[in-house]
Amino acid sequence: MHLENSLNKILIIDFGSQFTQLIARKIREVGVYCEIISNNKINKKKLDKNVKGLVLSGGPLNVYQNKKVKFNKELLNAKIPVLGICFGHQIISKEMGGKVKQSKFREFGLAKVKKVKNSILTNNFFKKGQCDVWMSHSDEVTKLPKNFKVVAKSSNSKLCIVENKKKNLYGIQFHPEVTHTNNGKIILKNFVFDICKLRKNWSSKNQKIKLIKEVRNQVGNSKVICALSGGVDSSVVAKLLSYAIGKKLTCIFVNTGLLRKNEEYQVIETFKKKFKLNLIYINAEKEFLKKLKNVIDPEKKRKIIGNLFIKIFEKCAKKIKNVKFLAQGTLYPDLIESKSVTGSQTSKIKSHHNVGGLPKKMNLKLVEPLKYLFKDEVRKLGLELNLSKEIISRHPFPGPGLAIRMPGIITKDKIKILKEADYYFIKSLKENNLYDKIWQAYAALLPVKTVGVMGDNRTYEYLCLLRAITSEDGMTADFFEFKKSFMQSISNQIVNNIRGINRVVYDITSKPPSTIELE
Ligand code: XMP
């Protein structure tokens with residue numbers, strides 16, 4: 001999928017590595033535009049003239065499984081510099097006449113790489129002739145192809161960095177894109193600037209100007225509607241569009257009653273009062289509660305909320321005259337078509353409901369100004385658009401809201417209790433400077449009552465679960481380690497201040513095997 005036809009770029013060919021998106025983000029961080037394309041797709045396409053360098057990603061396959069890996073060797077003769085990482089390194093070596101075999105010793109985790117000779121790729125990379133890097137492989141290149149030279153070796157991989165300078169082909173066994181590789185960014189910089197000869201063409205400042213211009217061109221004099229949830233993506237879309245087309249934008253904000261405490265007031269205060277956007281506020285609390293009455297099944301909850309949301313949104317949108325466009329906060333990871341490169345099918349775990357991604361049958365054209373961007377780029381753009389740091393750094397919040405943080409039946413009383421618990425938890429994280437260290441945190445209310453004692457009285461109340469995780473992208477996650485003093489304090493605050501909760505537990509599962517949300 002080629003998105004940006006006007007910019008010179010690096011094209012990353014994905015072989016299914018879990019780090020492919022990280023490679024793209026790191027290249028963009030150094031200021032150069034890049035795109036990801038699945039190896040399955042590239043075979044059928046001709047490279048466009050703006051591609052100035054190729055990166056071949058890692059991947060879970062073995063290069064000697066001929067049937068599974070069909071790589072178009074012509075790409076190595078296209079006179080475009082190529083950098084192969086891990087599996088990418090192995091496939092370059094194999095295709096150019098070298099040999100790849102299963103290693104005697106697998107290398108996972110930190111390893112030391114030692115310099116053998118100078119190379120443009122490794123300028124300023126080594127300190128005293130060596131560098132700590134992060135490895136993740138069980139195969140290795142065992143025979144160098146003709147006209148290739150060894151640039152560096154590790155104890156288990158003699159051909160750890162290799163090059164064919166004349167053909168501009170480079171291979172590295174470790175992962176320069178992960179933070180554990182010291183100086184990994186230097187390798188990527190050397191490749192894009194000194195080998196591919198690209199210039200910086202990507203920053204949030206040019207993004208703002210460019211995107212505003214593009215939206216104006218696309219929309220002309222027509223009106224646009226946008227579902228605003230108060231989350232980062234829809235807030236950035238709304239602000240960008242208001243800069244681009246002013247009052248021709250109408251935002252619709254649906255209060256499902258399942259939002260965090262005071263969220264509706266914050267959205268109205270920010271977007272209607274401060275930024276003076278056209279904002280229609282719909283309070284649909286009662287409707288949602290009615291439809292969700294006695295529903296326990298998580299998937300049913302999600303479907304009910306998603307469908308009712310569309311219905312309300314459509315009804316409201318129809319009342320606005322001459323609307324031709326619907327603005328959505330689609331991001332680049334939503335578009336990358338590389339997930340099935342290994343041929344595997346991911347099983348459906350949950351039906352995600354994204355307020356931005358719904359009404360398909362409304363006959364409106366889509367405006368998706370963030371579709372080339374990663375989340376961290378959207379955050380930077382948001383700051384350029386004068387959104388506050390508080391909005392920009394908000395933790396993700398799921399479309400179905402508190403409904404999926406309350407296993408069992410949903411009642412008005414339970415929502416009230418949960419909103420309070422979540423409020424105290426998030427407030428404490430902010431007061432203790434922990435909020436920005438955590439990728440996502442929330443309180444949940446479990447459908448269990450337990451016995452407690454307060455003063456001289458017995459209590460029989462709900463169990464509150466706290467979850468706080470660190471993550472790169474929400475696909476995998478680890479629980480955050482709090483100090484005992486913080487846990488003690490938040491448990492006391494919740495139990496002492498909220499009638500209805502007499503016990504607090506902390507979720508110490510990672511993802512996988514658990515998911516981030518409870519339902
Ligand atoms: P899970 O629970 O699947 O969550 O590990 C991964 C990330 O996705 C968020 N999430 C959602 N976001 N609509 C959304 O917009 C949804 O239906 C939804 N369900 C989960 C979740 O909060 C976490 O950040």
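The values are calculated or read from the model by the stated rules, or taken from the named source; none is laboratory data. Remember, predicted model here, so these are calculated numbers, not experimental data. With ideal geometry, Cβ positions are generated from the backbone for all residues, glycine too; neighbour counts draw on all protein chains shown. Each accessible area value is taken on the protein alone, full model and side chains, heavy atoms only, with ligands, DNA and RNA left out. Shrake-Rupley method; radii C 1.70, N 1.55, O 1.52, S 1.80 Å.
Dividing the radius of gyration of the alpha carbons in the range 228-296 by their Kirkwood radius gives 1.05 for Rg/Rh. Once C-alpha pairs closer than 8 Å and six or more residues apart are averaged by separation and normalised to the residue number of the chain, the relative contact order reads 12 percent.
In terms of packing, defined here as the mean over residues of other Cβ atoms within 10 angstrom, the peptides 472-479, 79-86, 450-457 line up highest first as 79-86, 472-479, 450-457. Here's the picture: charge each Lys and Arg Cβ at +1 and each Asp and Glu Cβ at -1 in the range 406-506, and of MET487, ILE415, ALA443 the one pushed furthest to the positive end of that dipole is ILE415. Measuring against 22 Å, Cα to Cα, the residue pairs LYS52/LYS127; LYS261/LYS430; LYS94/LYS167; LYS41/LYS303; LYS247/LYS319; LYS68/LYS153 contain LYS52/LYS127; LYS41/LYS303; LYS68/LYS153 as the ones spanning a longer distance.
A 1.4 Å probe run over the protein chains yields, for the chain, 49 Å² of accessible area per residue, whole-number rounding. With respect to the chain, whose longest principal axis is taken over its alpha-carbon atoms, helix 232-245 is tilted by about 90°. Figure legend: label point modelled 7 angstrom from the Cα of SER103 along Cα→Cβ; residues of the range 143-182 with amide N under 15 Å from it are 143, 152-162, 172-176, 181.
Under the convention that each Lys and Arg Cβ holds +1 and each Asp and Glu Cβ holds -1, the size of the dipole of the range 191-280 around its Cα centre is about 440 debye. Overall size of the range 406-506 from C-alpha positions, given as principal axis extents largest first: 44, 31, 18 Å. Full extension of the chain segment joining ASN492 with ASN322 gains 55.8 nm, where the gain is 0.36 nm per residue of separation less the Cα-Cα distance. Hull volume per residue, based on the alpha-carbon atoms of the range 134-268 and their convex hull, is 210 Å³. The charge dipole of the range 204-392, taken about the Cα centre with unit charges on the Cβ atoms of Lys, Arg (+1) and Asp, Glu (-1), comes to about 620 debye, rounded to the nearest 20.
Its DSSP H runs of at least 4 residues, each contributing -39,500 (n - 2.57), put the calculated 222 nm mean residue ellipticity of the chain at -8000 deg cm²/dmol, to the nearest 500.
Grab the beta carbon distance between GLU481 and LYS286, set R0 = 51 Å, and tell me the FRET efficiency rounded to 0.05.
The computed FRET efficiency comes out at 0.80.
Counting only the Cα atoms, the chain fills a convex hull of 167 Å³ per residue.
Using the crude model of +1 on Lys and Arg Cβ and -1 on Asp and Glu Cβ, and no other charge, please compute the dipole size for the chain relative to its Cα centre, in debye to 20.
1620
Using R0 = 41 Å, the C-beta based FRET efficiency linking ASN221 and ASN123 works out to 0.20.
Once the Cβ-Cβ distance of SER6 and GLU74 is raised to the sixth power relative to R0 = 22 Å, the FRET efficiency obtained is 0.30. Each of ILE13, PHE275, THR256 was placed along the dipole of the chain (beta-carbon charges, centred on the mean Cα), and the one lying farthest toward the positive end is ILE13. Pairwise inverse Cα distances across the range 47-166, averaged and inverted, put the Kirkwood hydrodynamic radius at 15.0 Å. Principal axis analysis of the Cα atoms in the range 204-392 yields extents of 49, 46, 34 Å, listed in decreasing size.
Angle of helix 298-318 to the longest C-alpha principal axis of the chain, folded into 0 to 90 degrees and rounded to 10: 80°.
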